[in-house]
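The values are calculated or read from the model by the stated rules, or taken from the named source; none is laboratory data. None of these values were measured; they are calculated from a predicted model. Cβ placement follows ideal geometry from the backbone for every residue including glycine, while neighbour counts extend to all protein chains displayed.
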Number of protein chains: 4
Amino acid sequence: MDEIDIEIVANPDLEAPVLIEGLPGVGHVGKLVVEHLLEEKESELVRRVYSEHLPPQVGVGDDGTASLVCIELYALTLDEQDVLVLTGDYQAQDSVGHYRLTNAFLDIADEFGVERIFALGGVPTGELIEEYAVLGAAATTDFVDELEDAGVEFREDEPAGGIVGTSGLLLGLGGRRGLEATCLMGETSGYLVDPKSAQAVLEVLQTMLDFEVDFSSLEDRAEEMEEVVNKIEEMESQQAPIASDDDLRYIG
Amino acid sequence: MDEIDIEIVANPDLEAPVLIEGLPGVGHVGKLVVEHLLEEKESELVRRVYSEHLPPQVGVGDDGTASLVCIELYALTLDEQDVLVLTGDYQAQDSVGHYRLTNAFLDIADEFGVERIFALGGVPTGELIEEYAVLGAAATTDFVDELEDAGVEFREDEPAGGIVGTSGLLLGLGGRRGLEATCLMGETSGYLVDPKSAQAVLEVLQTMLDFEVDFSSLEDRAEEMEEVVNKIEEMESQQAPIASDDDLRYIG
Amino acid sequence: MDEIDIEIVANPDLEAPVLIEGLPGVGHVGKLVVEHLLEEKESELVRRVYSEHLPPQVGVGDDGTASLVCIELYALTLDEQDVLVLTGDYQAQDSVGHYRLTNAFLDIADEFGVERIFALGGVPTGELIEEYAVLGAAATTDFVDELEDAGVEFREDEPAGGIVGTSGLLLGLGGRRGLEATCLMGETSGYLVDPKSAQAVLEVLQTMLDFEVDFSSLEDRAEEMEEVVNKIEEMESQQAPIASDDDLRYIG
Amino acid sequence: MDEIDIEIVANPDLEAPVLIEGLPGVGHVGKLVVEHLLEEKESELVRRVYSEHLPPQVGVGDDGTASLVCIELYALTLDEQDVLVLTGDYQAQDSVGHYRLTNAFLDIADEFGVERIFALGGVPTGELIEEYAVLGAAATTDFVDELEDAGVEFREDEPAGGIVGTSGLLLGLGGRRGLEATCLMGETSGYLVDPKSAQAVLEVLQTMLDFEVDFSSLEDRAEEMEEVVNKIEEMESQQAPIASDDDLRYIG
């Protein structure tokens, strides 16, 4: 095995495809979006990317079979728009690995003729959210304008610490290659898997790529999460009176 | 010294050997199994694998001589079945090292004609165990079926986090090379060295490879562990009344 | 992208330039100095240095565009003295990266004919400072003498732990290349961004390189910091009486 | 600069030299021994070893000049015995660096015709020591016997965790190269720099290499340490009565 080992599974012809990336991250927003697209639309696995920069680990499937941790790329069509979807259960484990894997992803994107990249993620607010804004950053001012028209918010000094990991590098390294790249970040509390934030990001994608997708399964998942949150709040409010002032004095 | 330095000690002819791996891990289960096989059967050291991905360390023997940390492979025969046993005191120290060392092990296995791999380990349950189940994961559904017939349990979503380290990669990288590979994981509390869990895994191996081995030394060791556990419990129950409620309030 | 990727932006002729380095560090002293020079003087970007040893990250500008983390080198003239200024938002993430990036910086300095290096930083004192001394270390005793005449203090066994990171290596690796290199370290409490310490370092540079620069914006920033400090002190003195002796007993 | 960069300072002819290594470690025992030899005997610097596996750091001398962190090798003669002394302020920062630097040290030792290696260190006992034993481990049983005759103790299962770092690898990698190598470890509490432990190790070296060295400066240093220990104990005994039983209940 090489440092990065790309398994070619299929080589479909794609017409002016865009790359949509959704790996695990804050609120699982990016991964929820691409999982939803893969559930709702027919897709074809085109590449598996193995690397010694991914964790030394296998995942075990429901049938008891194990498979080496990898990043997968799928081809699918959103109404008229051909798409390459990049997903997986893990990101690179080290800084060098992030750079090298992202360059490998960009090479694959190049093979398929990708000119636009949508890297998806969440941005933590630290508090419960009423209105789910989608924040953005992009490689060019033209792309910033276009995304702003689709409802994406661009705020000075946000996100404060920049954008790290695969999403950040797809934007940074993609931009250096002359690609129109953006990172779309759904606002999320940051404490929980957040299907509502994923929905907000999906709505931006619908506008940008001119397609429609059924949201019902995502809405179901949002409701389930809400019930979980309610139960936690209930439990907390029931426990509170039990803890007397005396006990609490020793917590800090 | 190269990144990985393989010392060829012997090159016996083996007939359709299987590889059994037992390195230190949860409950020391895997290592206990292969140590037991090496104690009960005659074996021949065939390879030492040194690597800068192993800790920069020597072990000191009973006679005062020191030897560089390495992984060792032994050849032995279980009744009719030729076996290559892989063991050692340490695993790789980093993710890249795990990949590279496991590939080196698979290359050695390939030299000897290995077609089946049994990677052994423990899976922590967090509580004391009455019935020692052996959980499994395998590279192919055929192998899953065969192992299930031998009493191995395959449970959905277990182990939850997948399988990490050398065992996981022998399964994942071995599977990619077209080998029939499995990881057998004895349930163990996870708190102590667990000879009973090792015995449960050995019983599966006996069925799969059609051999018999005397368990008495392992049973002795299990009894010793039980005495240790009993003494700890005794000490705890004696100490308990001493600690008043007042004292306990400050522990958490 | 290579391990280190140098983008040539411009290649101006510089006359006997010196290299001034100011990366983030203690009290942000070094970075404040070079930021001030870049604000007050006209400058030309000459190199961008990208590297997989820098964090896998993009920064987002005020217009919503993102750019890959890099180190930048600017050319500017301080009255008569040509200068190469090295700055950025991050240092290398690992020890090997520090060595390799610093060697790349020294190669660039060599291309431009740099013979003197001023690496700038802060040295933490752990207490509020009345008189801002500038401590030094240099590659040769001749350079030590010259800097001492310019008011730099050289104290036995200070800084105690040596000098780490890019500043230390510019001095150590630069010295091995036969360059006159120094690290100038403004004393600073170490708790806050410290424009006064930066001013003390700038004054040494003015003497050494025979130029003048307006300090007013730096003085404004120092005043702002002072107001921040005063507010914090005020808040602390108001909160103090609320915490009774009883409460404080449990803090430690 | 290469990964490891060896500066040749001098190339004296040495007659059947031994290598004595003393880098920082437990109780500073190894470094104290070689520092003492370098103080008491005339020596000649023969090599400086720089490496990106050492910390990215310069040390600052009393005259204000800075020098890049490195490992140094000196040649000296102990009565009749030619010796190569290896010392420095730091060890490698990572596992791979430990292997590669130690191999570089062994290559240098080979150039000078070294056939015996004495790697020096301390072994922590966790309690104050009355009689300073010197524990050993060696590459061959012959060498073990010879060292035992010189008063070195070889105890089963000690040191429990093996020997890590440069000392361990000089023994392990040196042994694989067919060199007679030993690690001599002075028992030390492990809490403080321990000149008495260093003296015990020196006495073994005197016997093994048949030389004499004046111990007075080491004895002075031991007395200074004793005064420090006494002062600490005094301060503790004075504070003790202040802490009531009630207070102590909250420490654990």
| Exactly one of (1) in contact with a Gly (Cβ under 9 Å, 6 or more places away or on another chain); (2) closer than 28 Å to B:Arg221 by Cβ; (3) not hydrophobic (A, V, I, L, M, F, W, C) is unmet by B:Ser51. Its number? | (2)
| Does D:Gly151 satisfy being in contact with a Leu (Cβ under 9 Å, 6 or more places away or on another chain) and not aliphatic (A, V, I, L, M)? | no
| said: For region B:130-142, give me each residue that is within 19 Å of the chain's Cα centre (by Cα) and either free of Cβ contacts under 8 Å to residues at least 12 places away in the same chain or in a loop (DSSP other than H, G, I, E, B) (or both). | reply: B:Tyr132, B:Ala133, B:Ala139
| query | When region D:100-125 is examined, which residues are found to be among the small types (Gly, Ala, Ser) and assigned to a helix (DSSP H, G or I)? | reply | D:Ala104, D:Ala109
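Yes or no, residue by residue, for (1) modelled with pLDDT under 95; (2) within 26 Å of B:Ser95 (Cα to Cα); (3) basic (Lys, Arg); (4) out of contact with any Phe, Trp or Tyr (no Cβ under 8 Å at 6 or more places or on another chain):
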residue: D:Leu78; (1), (2), (3), (4): no, no, no, no
residue: D:Gln81; (1), (2), (3), (4): no, no, no, no
residue: D:Leu86; (1), (2), (3), (4): no, no, no, no
residue: D:Tyr90; (1), (2), (3), (4): no, yes, no, yes
residue: D:Ser95; (1), (2), (3), (4): yes, yes, no, yes
residue: D:Leu101; (1), (2), (3), (4): no, yes, no, yes
residue: D:Leu106; (1), (2), (3), (4): no, no, no, yes
residue: D:Asp110; (1), (2), (3), (4): no, no, no, yes
residue: D:Ile117; (1), (2), (3), (4): no, no, no, yes
| query | crowded, with 19+ Cβ neighbours inside 10 Å, among the polar types (S, T, N, Q) and within 27 Å of C:Phe105 (Cα to Cα): does that describe C:Thr182? | reply | yes
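Residues are listed down the side, and each one gets a yes or a no for (1) at pLDDT below 95; (2) surrounded by fewer than 18 Cβ atoms within 10 Å (Cβ to Cβ):
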{"site": "D:Arg177", "(1), (2)": "no, yes"}
{"site": "D:Ala200", "(1), (2)": "no, no"}
{"site": "D:Met208", "(1), (2)": "no, no"}
{"site": "D:Glu223", "(1), (2)": "yes, yes"}
{"site": "D:Glu236", "(1), (2)": "yes, yes"}
| said: Testing D:Thr77 on (1) within 23 Å of D:Leu147 (Cα to Cα); (2) crowded, with 20+ Cβ neighbours inside 10 Å; (3) free of Cβ contacts under 8 Å to residues at least 40 places away in the same chain, one condition comes back false. Which one is that? | reply: (2)
| Do the conditions hold for D:Glu21, that is, is it of a type in the set (D, E, K, R), in a helix (DSSP H, G or I), within 18 Å of the chain's Cα centre (by Cα) and at pLDDT 95 or above? | no
| said: For region A:46-99, which positions are among the hydrophobic types (A, V, I, L, M, F, W, C), more than 28 Å from B:Leu101 (Cα to Cα) and not in a strand (DSSP E or B)? | reply: none
| All but one of (1) more than 18 Å from the chain's Cα centre (by Cα); (2) within 16 Å of C:Val34 (Cα to Cα); (3) not acidic (Asp, Glu) hold for C:Ser197; which doesn't? | (1)
| said: What pairs come out if I take residues in region A:194-205 that are farther than 15 Å from A:Asp220 by Cβ and pair them with residues that are of a type in the set (S, T, N, Q) and crowded, with 21+ Cβ neighbours inside 10 Å whose C-beta lies under 7 Å away, six or more apart or interchain? | reply: A:Ser197/A:Thr188
| said: If I filter region D:101-126 down to residues being under 15 Å from D:Ile71 (Cα atoms) and surrounded by fewer than 21 Cβ atoms within 10 Å (Cβ to Cβ), which single residue comes out as nearest to the other protein chains (Cβ to nearest Cβ)? | reply: D:Asn103
| said: List pairs: first residue in region A:146-173 and under 11 Å from C:Gly64 (Cβ atoms), second residue not in a helix (DSSP H, G or I) and not aliphatic (A, V, I, L, M) anywhere in the structure, Cβ distance under 7 angstrom, at least six positions apart or on different chains. | reply: A:Leu147/A:Gly136; A:Leu147/A:Thr182; A:Glu148/A:Phe154; A:Val152/A:Gly136; A:Glu153/A:Gly136; A:Phe154/A:Gly136; A:Phe154/C:Gly64; A:Glu156/C:Asp62
| query | What number of residues within region A:9-63 satisfy the criterion of being within 14 Å of chain B (Cβ to nearest Cβ) and of a type in the set (Val, Ile, Thr)? | reply | 4
| Take the residues of region C:64-100 that are within 12 Å of chain A (Cβ to nearest Cβ) and among the hydrophobic types (A, V, I, L, M, F, W, C): which is farthest from C:Leu38 (Cα to Cα)? | C:Val96
| Residues that are part of a helix (DSSP H, G or I) and either at the interface with chain C (Cβ under 7 Å from one of its Cβ atoms) or basic (Lys, Arg) (or both), drawn from region A:143-189 | A:Val144, A:Gly165, A:Gly168, A:Leu169, A:Leu171, A:Gly172, A:Leu173, A:Gly175, A:Arg176
